[in-house]
Structure formats: C-alpha cells, structure tokens
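Shown next, in structure tokens, is the structure this report addresses.
The values are calculated or read from the model by the stated rules, or taken from the named source; none is laboratory data. Everything numeric in this text was worked out from a predicted model, so none of it was measured. Reconstructed Cβ throughout: ideal geometry from the backbone, glycine too, with neighbour counts over all protein chains shown. We work out accessible area using only protein heavy atoms, side chains counted, and drop any ligands, DNA or RNA first. Shrake-Rupley method; radii C 1.70, N 1.55, O 1.52, S 1.80 Å.
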Amino acid sequence: MSREHDHDVPPPVPPEAFDRARPPREDVPSDVDERAAELVEGGIGLARLALGSAWRTSRWGLSTSMHIAERVVGALAAGESVTQAANQAATGARDALLEFAGVDDGTPPDERQPRRDRRHDPDVHELRRRGAELLRRSSDVNDDEETHPAYARILDSLLPDEARILRLLALEGPQPSVDVRSASAVPNNSELVEAGLTMVGELAGCKHMERTRQYLNNLTRLGLIQVSREPLRDHGAYQVLEAQPEVIAAMEQTKRARTVRRSIRMTPFGEDFVATCLTPETGGDVPPR
C-alpha cells in the first residue's frame, strides 16, 4: 500500500480513553434505591390489578357459558337442528366476546337483538307469584296442607313391583344389601365387582325380579328410599344373602373378594308416602297413620 493513504487510517484509541468516558461512581444519582422501590411497588399494584381482572373475567365467562348453553338447549327443545343450535352458540359466543371487549360489530342499532332479561320473563314472573303465594300460606295458621302435593305425581311414576318393595320395607323394616369388592393389601385400593346385591325383589314378591336394581334406582330418585352404609344389626340376614347364587357368582369373578355390608332403608318422606297412599283400601297391608 502506498504511504500517501496512511493519513486516512485513524490512530488507535488508547485504553485510558475508555476510562475517561466511563462516568465515575459519584455521578450515579443518589435516588436509585428510591426509584427501584417505586418500581417494585408499582409492579405489585399491577399484579393485584391483573389478579382482579382475571377473577372478574372468569366470573363473566361462567355466566356467559351458562347463558349460551341455555340458548342451545332451548333451540333443541324447539325442534331446531343441531347445526342451527351450534350456529346460535357460535353467534352468542362472538357477541359476548365483542361486548366484553367493548368492540362494535358494525350491526345497526335498529337491527340488534336485545339481550333477554329474565327478570321480565313471564315464566319467571309466574314462578315468583307462586313462591309469594306459598310464603303467604306458610304464615296462615288456618291453612292446613294434609298431603304433600308431590304424592300424586309419585304414584304416576311407580310400577306395581315398586309398590311391593315399599310395602315390604314398611312392614319388615330395612333390608340387607352387599357390595362385592376385590380384596387388596393396600387400604382403599379395592375394586368394585358388583354393587347393590339384595333379596328385596324376592322378598317383596316382584313379578320381574331381574328389574330389582332399576326399581331401587327409581325409588331412590323419588326420595322414598336410600341405600345406607350403616349395616343392619342382624348379621344372620347377611349370611343368608351372601349364600345366594348371585353373590357367590360375583365373588368368584376375582381371586380374592370380600363383601361390604349395606342396608336399604325407607326415608321419612317415603314412610309418610306409604302411610298416606298405600293403605289397606289401596290393596296393601300397611296400617294408616
């Protein structure tokens, strides 16, 4: 390279120049710690604000989901197709998100469908009127309700075999029931093999004993009976039950099996129902109250 271009190359920068460019420690502002404290406090405030917003958002999401689900169920009940119901759900979710975000979807105000206010729903108004009437009657000392209004509907929901089971429980008291579970050396680690094995159907004289479990499920649903974890004091009743072929077959399904003793009992509501409805005049043997 010719020496005529040497003047274009800048001389090297000595190291001490960097030290001179670096500000000394005493130039650092003295209020750095105060600013850091303010930043930390501001960050905590922002965190609290974020948590509050998340809580409000979750509550809004739950309310919106329930509202959309109600619209879908109503559309299906009205005979609309699944596709139409799904489109309504998607539209409802979109509108809800836009409303929550404060975004205008561009729909003219006169074409927007107002949100349904359930407070002015005729059905809700009628329910509240009936509730007010019920409370008024509860304060009337001269109003005496002899029977529960649900008894008539319960009678329409019972089969003859189920009435036989109720009569058995009313006359003979609670009946034994067992669950068959696989034995395990680890506590609370056994598996259920068969549940609700009982002789109630045979003892009640049911015509369709193979439907006993369905009968018991329906009676439980109506609140007339309950399957209790409290066993009977009569251990002999369980010995007879555990010797039945159905129980033996269930225990043979696993190498190590055990029975868990339960009991089938009538609820106080069921006792009053039987005493009111299944009297000797209706073909039963249950004495009146």
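Just wondering, is there one or more residues in segment 106-119 that are modelled with pLDDT of 65 or more and either assigned to a helix (DSSP H, G or I) or open to solvent by less than 100 Å² (accessible area, probe 1.4 Å) (or both)?
Kept after step one, since they are modelled with pLDDT of 65 or more, are these residues of segment 106-119: none.
No; the residues of segment 106-119 include none that is modelled with pLDDT of 65 or more and either assigned to a helix (DSSP H, G or I) or open to solvent by less than 100 Å² (accessible area, probe 1.4 Å) (or both).
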Of all residues in segment 233-260, which are under 34 Å from the mean Cα position of the chain (by Cα) and more than 16 Å from M199 (Cα to Cα)?
-> M251, Q253, T254, A257, R258
For segment 158-175, indicate whether the set of residues that are outside any loop (DSSP other than H, G, I, E, B), over 22 Å from G270 (Cβ atoms), touching a residue at least 12 places away in the same chain (Cβ under 8 Å) and acidic (D, E) is non-empty.
-> no
Name the residue, out of A250, A243, A275, that is surrounded by 15 or more Cβ atoms within 10 Å (Cβ to Cβ) and modelled with pLDDT of 90 or more.
-> A250
Close pairs (7 angstrom Cβ cut-off, 6 or more residues apart or separate chains): assigned to a helix (DSSP H, G or I) in segment 236-264, open to solvent by 60 Å² or more (accessible area, probe 1.4 Å) anywhere = Y238/R261
Of everything in segment 162-214 that's touching a Lys or Arg at 6+ places or on another chain (Cβ under 9 Å) and among the hydroxyl-bearing types (S, T, Y), which residue is most open to solvent (accessible area, probe 1.4 Å)?
-> S184
Quick one: which residue in D123, D156, D161 is within 29 Å of the chain's Cα centre (by Cα), within 23 Å of R221 (Cα to Cα) and at pLDDT 80 or above?
-> D156
